[in-house]
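Worksheet: one structure, shown below.
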Amino acid sequence: MFEAGRFAMVRGRVLEPLMTLAVWGSALLVAGAFLWLVGDLLWHGAERLSWAFLSSSPLNAGRTGGIGPILVSTLLILGVAVAAAVPLGLATAVLLTEFLRPRSRFGRLVGLSLDVLAGVPSIVFGLFGNAFFSVFLGLGFSILSGGLTLACMVLPILIRTAEASLRAVPDDWRLGSAALGLSRTAALRHILLPAASSGLVAGLLLGVGRAMAETAALIFTSGYVDRMPSSLFDSGRALSVHIYDLSMNVAGGDGNAYASALVLIGLLILINGTALYLAEHWLNRRIIAP
């Protein structure tokens with residue numbers, strides 16, 4: 001027995017540094033891949049970045065000029081997607097966690113549907129968006145069609161993440177709020193949602209990241225037009241579609257494609273950083289407030 005304990009101690013001393021090395025190695029590998037990607041984009045596209053590039057219109061099929069209208073179209077499409085997905089996704093997550101029994105048949109059906117939707121290829125969402133939003137609802141190739149299609153893609157990730165965050169809140173908090181006489185709405189607003197805010201923001205950021213990088217779905221819904229959109233019913237080209245078009249269909253467009261990709265990465269970092277800061281600020285205010 002003494003020998004077994006000694007062997008376990010020696011094995012722990014050997015495995016602990018190996019596990020530490022493996023964890024640090026994995027982290028450095030991921031960070032290195034990201035730095036290599038950003039470095040490659042900076043090497044090929046940084047010299048083209050300027051205010052004129054960000055504000056002017058594409059010229060010569062995108063080989064020259066800038067991405068002003070495309071940047072506006074991207075932000076509008078993303079705004080439509082977030083505005084449609086966040087209320088519906090949050091309401092569905094609240095329904096699954098707070099108003100249904102844990103193993104109810106309806107809840108399991110909704111969960112299975114979300115898991116299936118999360119694995120559906122984006123091209124299928126694009127075909128669905130074209131058939132339903134563009135043709136059936138008569139929205140045509142428009143920013144609204146593209147944004148609503150992206151909302152359908154974002155919903156499974158957003159709902160599942162919000163559901164997991166709400167389920168992670170201890171049941172004692174719910175019981176305590178009920179003992180204090182708080183309604184379910186008041187408990188959700190003042191206790192549960194603030195406690196789950198970090199997970200909710202994480203789900204939103206994952207959805208935003210997928211929406212901004214999407215190409216196939218937007219080709220069939222928002223279209224290829226690279227002019228400045230006049231309304232949500234106008235067609236607009238997203239940054240991801242623009243990068244794809246310059247790389248695959250336009251000879252000599254690689255330089256602007258690299259610069260556009262760099263702008264896309266920077267936009268993702270800016271949105272993620274802003275969302276995390278606002279979530280932390282909101283949570284701290286909720287905690288400090290009497």
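The table for this structure:
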item: Neighbours by Cβ (under 9 Å, 6+ apart or cross-chain): first from the range 264-290, loosely packed, with under 11 Cβ neighbours inside 10 Å; second at pLDDT 75 or above and in a helix (DSSP H, G or I); result: 287/194
item: Residues within the range 66-93 that are more than 30 Å from residue 106 (Cβ to Cβ) and touching a residue at least 24 places away in the same chain (Cβ under 8 Å), tallied; result: 12
item: Test for residue 76: is it surrounded by 19 or more Cβ atoms within 10 Å (Cβ to Cβ) and touching a helix residue (DSSP H, G or I) at 6+ places or on another chain (Cβ under 8 Å); result: yes
item: Out of 206, 182, sole residue that is among the hydrophobic types (A, V, I, L, M, F, W, C), closer than 16 Å to residue 82 by Cα and in the same structural domain as residue 79 (by TED's automatic domain parsing); result: 206
item: Residue list for the range 87-103, filter: open to solvent by 50 Å² or more (accessible area, probe 1.4 Å) and assigned to a helix (DSSP H, G or I); result: 87, 88, 90, 91, 95, 99
item: Residue 51 vs. criteria within 30 Å of residue 256 (Cβ to Cβ) and open to solvent by 80 Å² or more (accessible area, probe 1.4 Å); result: yes
item: Helices (runs of 4 or more DSSP H) wholly inside the range 149-255 containing at least 3 residues that are open to solvent by less than 50 Å² (accessible area, probe 1.4 Å) and in contact (Cβ under 8 Å) with a residue 24 or more places away in the chain; result: 197-212, 216-219, 239-248
item: Qualifying residue in the range 97-110 (condition: more than 23 Å from residue 231 (Cβ to Cβ), assigned by TED's automatic domain parsing to the domain that holds residue 227, within 23 Å of the chain's Cα centre (by Cα) and at pLDDT below 90); result: yes
item: Selection status of residue 266, in contact with an Asp or Glu (Cβ under 9 Å, 6 or more places away or on another chain) and at pLDDT below 90; result: no
item: Residue match in the range 54-62 (condition: at pLDDT below 85 and part of a helix (DSSP H, G or I)); result: yes
item: Subset of the range 38-65 that is in contact (Cβ under 8 Å) with a residue 12 or more places away in the chain and aliphatic (A, V, I, L, M) - its residue that is nearest to residue 237 (Cα to Cα); result: 61
item: Residues of the range 135-148 satisfying the condition of being crowded, with 23+ Cβ neighbours inside 10 Å and over 20 Å from residue 207 (Cβ atoms); result: 142
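Each row is one residue, and each column tells you yes or no for (1) among the aliphatic types (A, V, I, L, M); (2) closer than 30 Å to residue 201 by Cβ.
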| position | (1), (2) |
| --- | --- |
| 51 | no, no |
| 58 | no, no |
| 61 | yes, no |
| 68 | no, yes |
| 77 | yes, yes |
| 85 | yes, yes |
| 88 | yes, yes |
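The values are calculated or read from the model by the stated rules, or taken from the named source; none is laboratory data. Since the structure is predicted, the reported quantities are computational estimates derived from the model, not experimental observations. As a convention, Cβ positions derive from the backbone with ideal geometry for all residues, glycine included, and neighbour counts pool all protein chains shown. Quick note on the areas: whole protein, heavy atoms, side chains included, nothing else; ligands and nucleic acids left out. Shrake-Rupley method; radii C 1.70, N 1.55, O 1.52, S 1.80 Å.
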